[in-house]
Amino acid sequence: MNYIVFDLEWNQCPQGKARENPRLPFEIVEIGAIKLNEEKETIDSFHEVIRPLVYRKLHFRTREVIHIDQEELNAARTFSPVIRDFLAWCGEDYEFVTWGSLDLNELQRNMDYYRIQNPFPQPLFYYDLQKMFSLLYDDGKSRSSLIDAVEYLQIPETVPFHRAFDDTYYTAEVMKRMDLEPVARYESVDYHRIPASREEEIFLDFGTYLKYVSRSFEDKEEAMKDRRVCAMRCSRCNLPVWKRARWFSTGGNTYLSLVQCPKHGYMKGKIRLKKCPDGSVFVVKTIKPADERSVKMIREKKDAIKRRRKDRRRKKREDGKRKETV
């Protein structure tokens, strides 16, 4: 198996968000990739600038960051032939490696727009090296920039940053210096194509935490009524648990829960509701062990929400009484 380390640069509507195409908010203008073998040795590379067809002029921010001029863009090939060559170059047996979670989604969104058949497996697993770097060298939650990772690992800065192939080069060099064995099981799963049915829903056990990715629901109310969405189990023994704090909204599209396993103690659940292009929603749920600080935080959040709701109800009653008096 090979690793395909890649990075993209993309353009956006020069006239602003109000004029953008909702099916393609970001149009890819450059792709850079390096192929590594199982020993993490470089065996090939791919690099090409892409002529945009939707946003033909560069947004000023894009031009400032990636330093591609309009003449270079105009002379390039368009997305469809470039991406077909890229997919053929990837080969048959490979795993994608990216710095962060955005590139795979944008690659597939551009493929959808240009009607390029998606050949990737579903679910699509990949290495988010930014996450793995945090697991190895930081707290597992924070996300360092590629520049910071290069400096931390003392990699010589021989080329500038912020071009697709140059950033790919640095990502590959970071990967070569990382011992991935302790974190190899923490693969990321791509959310561009979510499960189409209940039977295809994704359940992942990472050893230290559980992840669940649902099919789509009409809205968040329907999602939060689903028993599988709301189910909680111990992330270590996978057995039923005692509920200490049922699912509650922290505002927006995030929900928290606190449960207790008779054998392994407290577990915290987190639900993130994400929007699909058609307006429906899907659920990403994680269940992890909760330390004393997390237990206290969840309880305090729930109590604060209860107090705010109680205050709103009291104020509503008082306003109603004043109107009756008047």
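Couple of notes before you dig in:
- Protein accessible area in the chain, 1.4 Å probe - carbon and sulfur %: 47
- In a fully extended conformation the segment linking Ile155 and Thr254 would gain 31.8 nm over its present Cα-Cα distance, using 0.36 nm per residue.
- For Arg143 and Arg322, a Förster radius of 56 Å and the Cβ-Cβ distance give a FRET efficiency of 0.65, rounded to the nearest 0.05.
- Helix 102-113 and the longest principal axis of the Cα set of the chain meet at an angle near 80°.
- With coordinates expressed along the principal axes, the C-alpha atoms belonging to the stretch 25-93 extend over 41, 23, 23 Å, beginning with the largest.
- Value of [θ]222 nm, deg cm²/dmol, for the chain, DSSP H segments ≥ 4, -39500 (n - 2.57) each, nearest 500: -10000 deg cm²/dmol
- Taking Lys and Arg as +1 and Asp and Glu as -1, the other residues whose beta-carbon sits under 10 Å from that of Met1 total -4.
- Relative to the current alpha-carbon distance between Gln117 and Asp303, full extension at 0.36 nm per residue lengthens the span by 62.0 nm.
- Kirkwood-based shape ratio for the stretch 1-46, expressed as Rg/Rh from alpha carbons: 1.26
- Placed amide H near Arg244: partners under 5 Å, 5+ positions off or other chain: Leu258, Val259, Gln260
- Divide the volume of the convex hull around the Cα atoms of the chain by the residue count and you get 190 Å³ per residue.
- Computed 3J(HN,Hα) for the stretch 244-251, one whole-Hz value per residue from the Karplus formula 6.51 cos²θ - 1.76 cosθ + 1.60 where θ = phi - 60°, is 9, 9, 5, 4, 9, 7, 9, x, glycine and proline marked x.
- Label positions at Asp205 and Asn74, each projected 7 Å from the Cα along the C-beta direction, are separated by 6.0 nm.
- Computed 3J(HN,Hα) for the stretch 79-90, one whole-Hz value per residue from the Karplus formula 6.51 cos²θ - 1.76 cosθ + 1.60 where θ = phi - 60°, is 4, 4, x, 5, 6, 5, 5, 4, 5, 5, 5, 4, glycine and proline marked x.
- Length gained when the stretch Asp311-Ser45 is fully extended (0.36 nm per residue, less Cα-Cα span): 89.6 nm
- Counting Lys and Arg as +1 and Asp and Glu as -1 over every other residue whose Cβ lies under 12 Å from the Cβ of Arg193, the net charge comes to -1.
- Integer Hz, Karplus 6.51/-1.76/1.60 couplings in order for the stretch 220-225, x for Gly and Pro: 5, 5, 5, 4, 6, 8
- Here Ser101 and Arg246 are evaluated by their C-beta separation; at R0 = 45 Å the FRET efficiency comes out at 0.90.
- Cα long-axis angle, helix 164-177 against the chain (0 to 90 degrees, to the nearest 10): 70
- Ligands, DNA and RNA are left out, and with a 1.4 angstrom probe the accessible area of the chain is 56 Å² per residue.
- Local net charge near Glu151, Cβ-Cβ under 13 Å (Lys/Arg +1, Asp/Glu -1): -2
- GNM top mover of Lys296, Lys275, Lys310 - the chain, alpha-carbon springs below 10 Å: Lys310
The values are calculated or read from the model by the stated rules, or taken from the named source; none is laboratory data. Predicted model, so just to flag it, every value in this text is computed and none were measured. All Cβ positions, even for glycine, are placed from backbone atoms using ideal geometry, and neighbour counts span all protein chains on display. All accessible areas refer to the heavy atoms of the entire protein, side chains included, with ligands and DNA or RNA removed. Shrake-Rupley method; radii C 1.70, N 1.55, O 1.52, S 1.80 Å.
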